[in-house]
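Read-outs: derived from the displayed coordinates by stated rules, not from any lab. It should be emphasised that the depicted structure is a prediction, and the values quoted were computed from it without experimental measurement.
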Amino acid sequence: MRHRWNRWILTLTMAAAIVSAVSADRTQAQVKGGSEDPPLRDRPARVAGRPNFNGIWQALNTAYWNLESHSANALSEFWQLGAIAAIPAGQGVVRGETIPYRPEALAKRNENRRMWPAADPEAKCYMLGVPRVTYHNLPFQIFQGEGDLLMVYPFAAANRVIYMTDRSELPVDSWMGKSDGRWDGDVLVVTTKWQNGQSWLDRAGNFGSNQLTVTERFRLLGPNHISYEATMDDPQTYTRPWTIEMPLYRLIDQQAQLLEHKCVPFADGLLYQDLLQSKGKE
């Protein structure tokens with residue numbers, strides 16, 4: 001418990017330091033550009049000698065529905081919503097097109113898909129895990145200073161520290177695991193381990209176990225675009241490592257900000273329907 005508390009205090013302290021550095025970065029950009037140049041459009045290309053990843057980013061694709069290529073589908077159980085509830089068609093982001101599941105893992109994926117949406121951790125307002133949290137349909141924000149980085153997500157008020165020097169292991173697995181970062185030239189490489197294996201990779205039931213190692217590569221293509229790759233290595237689930245790739249886009253409107261999506265109250269009916277039904281019969 002003390003270990004968790006110390007880590008939480010460290011996270012808050014680091015977040016405050018990074019926000020302070022980002023504020024100073026924006027102030028300098030504002031002074032440099034004058035009152036008519038918004039800081040989002042005129043900012044340093046580098047922070048402490050590294051590419052500037054500060055900003056709010058979003059994936060604009062259908063990976064959060066299904067990492068693999070898929071056709072449009074209707075959700076017949078939600079027929080009252082008509083076309084609003086249809087799943088859009090999408091091109092896959094898996095390099096090589098298909099996730100290389102082991103036979104028993106593929107059967108579990110199919111079962112997950114059959115039980116969706118109730119079985120999806122997203123429906124229950126659980127943290128999305130890595131890498132799903134990156135290409136969720138809500139944007140996320142990167143705070144970058146001189147040391148560790150912080151990534152903040154609206155859904156379930158999740159966040160993760162990218163530890164650039166701390167290489168300690170987590171005492172227990174968690175929804176988001178622990179993310180260790182390093183620089184490979186101008187590429188930010190993040191390795192995430194010790195996730196609990198209960199999260200999914202998308203709404204199509206794709207998943208990994210608690211043995212999953214995710215290696216992400218963030219490469220800045222310019223001030224407003226990131227080339228994003230994530231390699232999944234999990235011998236318990238897949239026959240070989242496999243990779244997804246996509247661009248991430250920075251939100252450039254002056255009023256861009258993250259709005260929290262604290263979804264716990266919205267999941268009560270799903271999580272506690274047996275209790276609610278029993279109470280209604282009393």
Can you tell me the length gained on complete extension of the stretch Lys108 to Ser71, counting 0.36 nm per residue apart and subtracting the Cα distance? 11.2 nm
Rg in Å to one decimal, and Dmax rounded to a whole Å, for segment 56-110 via C-alpha atoms: 13.9, 39
Using only alpha carbon positions, build the gyration tensor of segment 157-203, then give the equivalent ellipsoid semi-axes as the square roots of 5 times its eigenvalues, largest first, whole angstrom. 21, 14, 9
At q = 0.14, 0.16, 0.31 Å⁻¹, work out log10 I(q)/I(0) for segment 80-137 with the Debye formula, treating every Cα as an identical point scatterer and leaving solvent out; two decimals please. -0.57, -0.76, -1.18
Given 0.36 nm per residue, what is the gain on full extension from Arg50 to Leu259 after removing their alpha carbon distance, in nm? 72.5 nm
Can you tell me the relative contact order of segment 221-260? Whole percent, Cα pairs under 8 Å, sequence separation 6 or more. 41 percent
Cα pair distances of segment 129-265 binned at 10 Å [whole percent]: 11, 42, 37, 10, 0
Applied in sequence order to segment 76-86, the curve 6.51 cos²θ - 1.76 cosθ + 1.60 (Karplus, θ = phi - 60°) yields integer Hz couplings, x standing for Gly and Pro, of 4, 6, 10, 4, 5, 8, x, 5, 4, 8, 6
Once you have the alpha carbon radius of gyration of segment 51-182, what is it after dividing by 2.2 N^0.38 Å, with N set to its residue count? 1.23
Alpha-carbon centroids, segment 179-251 and segment 55-134: separation in whole Å: 16 Å
In order over segment 112-122: 3J(HN,Hα) from phi, Karplus 6.51/-1.76/1.60, θ = phi - 60°, whole Hz, x for each Gly or Pro, gives 4, 5, 5, 8, 6, x, 4, 7, 5, x, 4
